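The values are calculated or read from the model by the stated rules, or taken from the named source; none is laboratory data. Every value quoted in this text rests on a predicted model; they were computed, and no experiment measured them. No Cβ is skipped: glycine too gets one built from the backbone with ideal geometry, and neighbour counts run over all protein chains shown. Just the protein is used for accessible areas: all its heavy atoms, side chains included, with ligands, DNA and RNA removed. Shrake-Rupley method; radii C 1.70, N 1.55, O 1.52, S 1.80 Å.
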Amino acid sequence: DPTTSDPDERNLLNVVEEMAIASGVPVPQVYVLPSEQAINAFAAGHTASDAAVAVTSGAMKLLSRDELQGVIAHEFSHILNGDMRLNIRLMGIIFGILCLAILGRILLQVRGRGRDRNALPLFGLALLAIGSVGVFFGRLIQAAVSRQREFLADASAVQFTRNPSGLAALSLGTPEGATDDP
């Protein structure tokens, strides 16, 4: 609710509006997952104009302002760079390849009667092999792309916030202001 009086929700909305200005992206819809106590957030949507950001109540309540800003900036990077659209396309391609493997499995079960054996099981075996290998390598490519997009999102988040300590505290698992110096 844009007119909320809850201090945690107000803080979240302020951070989202700040990151929208910093990234040049329209302010997305903001959702809170109230029954989730874990610290997490995600962006959804196909384009920047229909994007939404969801944050768990754990992230909203447990993170400092700088850490929350880093998390939200990370999600804004996914929106700005079209990562959601890219993931949908990759999933579609992998699903298409998976369908080849499924079709191959079905064709393997087709049997001819008597002397007239058909070649469909051989064709099915070929489709199953191509589809299985394709899905394996497709998922490897998807994982590699996802990993690179996460690195880009972290780098962009630092650009948007101008404060690397918020994200660094989250990735190192140290509270804000804590150092590893003896």
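Legend: helices of the chain (whole DSSP H runs) are marked when their alpha-carbon atoms reach 15 angstrom or more along the helix axis and their mean Kyte-Doolittle hydropathy is at least -1.0; marked are 7-23, 65-80, 83-108, 120-161. Averaging the sequence gap over all C-alpha pairs within less than 8 Å and six or more residues apart, then dividing by the number of residues, gives the chain a relative contact order of 21 percent. Rounded to the nearest 500, the 222 nm mean residue ellipticity of the chain from helices alone is -22000 deg cm²/dmol, with -39,500 (n - 2.57) taken per DSSP H run of at least 4 residues. Applying the criteria of a DSSP loop state and at most 14 other Cβ atoms within 10 Å to the trypsin sites (Lys or Arg not before Pro) of region 88-137 yields 111, 113, 115, 117. The mean of 1/r over all pairs of different alpha-carbon atoms in region 1-136, once inverted, gives a Kirkwood hydrodynamic radius of 18.0 Å. Over region 50-152, Cα pairs under 8 Å with separation of 6+ residues give a relative contact order of 25 percent.
Of the accessible area of the chain, computed with a 1.4 Å probe over protein heavy atoms only, carbon and sulfur atoms account for 60 percent.
As a size descriptor, the averaged projected area of the C-alpha convex hull of region 11-58 was calculated at 3.3 nm².
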